[in-house]
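The values are calculated or read from the model by the stated rules, or taken from the named source; none is laboratory data. Treat the numbers as computed from the prediction; the structure is a model and nothing was measured. Cβ placement follows ideal geometry from the backbone for every residue including glycine, while neighbour counts extend to all protein chains displayed.
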Amino acid sequence: MPASSRTVFRGNVMRRIALWSAVAAATLGATALPMQASIIYSGTQNLVVPNDENGVYLNVETDASAGFPFDDNDLNFWADLSSNLRLNQSTTNNFKFDQPSGYVGAGLLVTNLASGATIDASSTFGQAVNATMATFSGLGFVGFRFIAADNQLHYGWIRVDANTGGTFPATLIDWAYDGTPNAGIQAGAGLPAAVPEPSSFALMLLAGGAVGVHGWRRRKRTA
């Protein structure tokens, strides 16, 4: 290979290495999405809901969970005799959950919200005992509103992992609410960004190196 060609090749390789290093460094630095300061996030909890009529009681303000009885800010996830996941909520603090608009049926149906769905004053909220969660199969979000300790209305979400048709096993993954009174929130807002495993970065760099080696071999054959 002529000296001039070797110089050009080395320059191309160095540029590729610099590019891939910059990409890896930028991605490593991005450990989480920017979060609104007002969003109060529980962190990953993975709270298993017992398959019985007591279930688990959750206080979304304090992140405390326990058995009976209700606290003012509690939601109660429990199982009926057919092992269907159901939801009760405290009535003393105007705790209500998102339900489908115009739903007609026995009791109330909890809406299975998609990530990014808006939960605010425009949502349809219901308040009753024994609400069914039959629309949950796998991961989904429960939207809610409640009167917090500041005596103001707040909106939030709970991420639930349930078996097909809202049955068991069921787990409350995490939850969040907006600390700003009357401010709407999107389902999943406040969740940290997923960071690729270190092996992923290694594969990225290897891919970049492979491109460089392939280019070098091709130039060598045509030289």
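Restricting region 106-160 to residues that are among the β-branched types (Val, Ile, Thr) and farther than 20 Å from ASN182 by Cα, which is surrounded by the fewest Cβ atoms within 10 Å (Cβ to Cβ)?
It comes out as VAL129.
What are the residue pairs meeting all of these: first residue in region 76-102, first residue under 15 Å from GLY156 (Cα atoms) and loosely packed, with under 13 Cβ neighbours inside 10 Å, second residue of a type in the set (Gly, Ala, Ser) and at pLDDT below 85, Cβ atoms under 9 Å, and 6 or more apart or on different chains?
As it stands, the answer is none, since no pair meets every condition given.
So, of the residues in region 161-171 that are touching a Ser or Thr at 6+ places or on another chain (Cβ under 8 Å) and surrounded by fewer than 24 Cβ atoms within 10 Å (Cβ to Cβ), which turns out to be farthest from SER82 (Cα to Cα)?
That would be ASP161.
Going by the conditions given, is ASN51 farther than 17 Å from PHE144 by Cα and modelled with pLDDT of 80 or more?
Yes: the conditions hold for ASN51.
Evaluate the following for PHE70: is it aromatic (Phe, Trp, Tyr), touching a Phe, Trp or Tyr at 6+ places or on another chain (Cβ under 9 Å), surrounded by 14 or more Cβ atoms within 10 Å (Cβ to Cβ) and modelled with pLDDT under 90?
Considered against the rule, which asks whether it is aromatic (Phe, Trp, Tyr), touching a Phe, Trp or Tyr at 6+ places or on another chain (Cβ under 9 Å), surrounded by 14 or more Cβ atoms within 10 Å (Cβ to Cβ) and modelled with pLDDT under 90, PHE70 comes out as yes.
Is one or more of the residues making up region 139-154 assigned by TED's automatic domain parsing to the domain that holds ASP174, in contact with a Ser or Thr (Cβ under 6 Å, 6 or more places away or on another chain) and outside any strand (DSSP E or B)?
For region 139-154, residues assigned by TED's automatic domain parsing to the domain that holds ASP174, in contact with a Ser or Thr (Cβ under 6 Å, 6 or more places away or on another chain) and outside any strand (DSSP E or B): absent.
What is the residue count in region 79-104 for residues that are hydroxyl-bearing (Ser, Thr, Tyr) and at pLDDT 85 or above?
Total meeting the criteria: 2.
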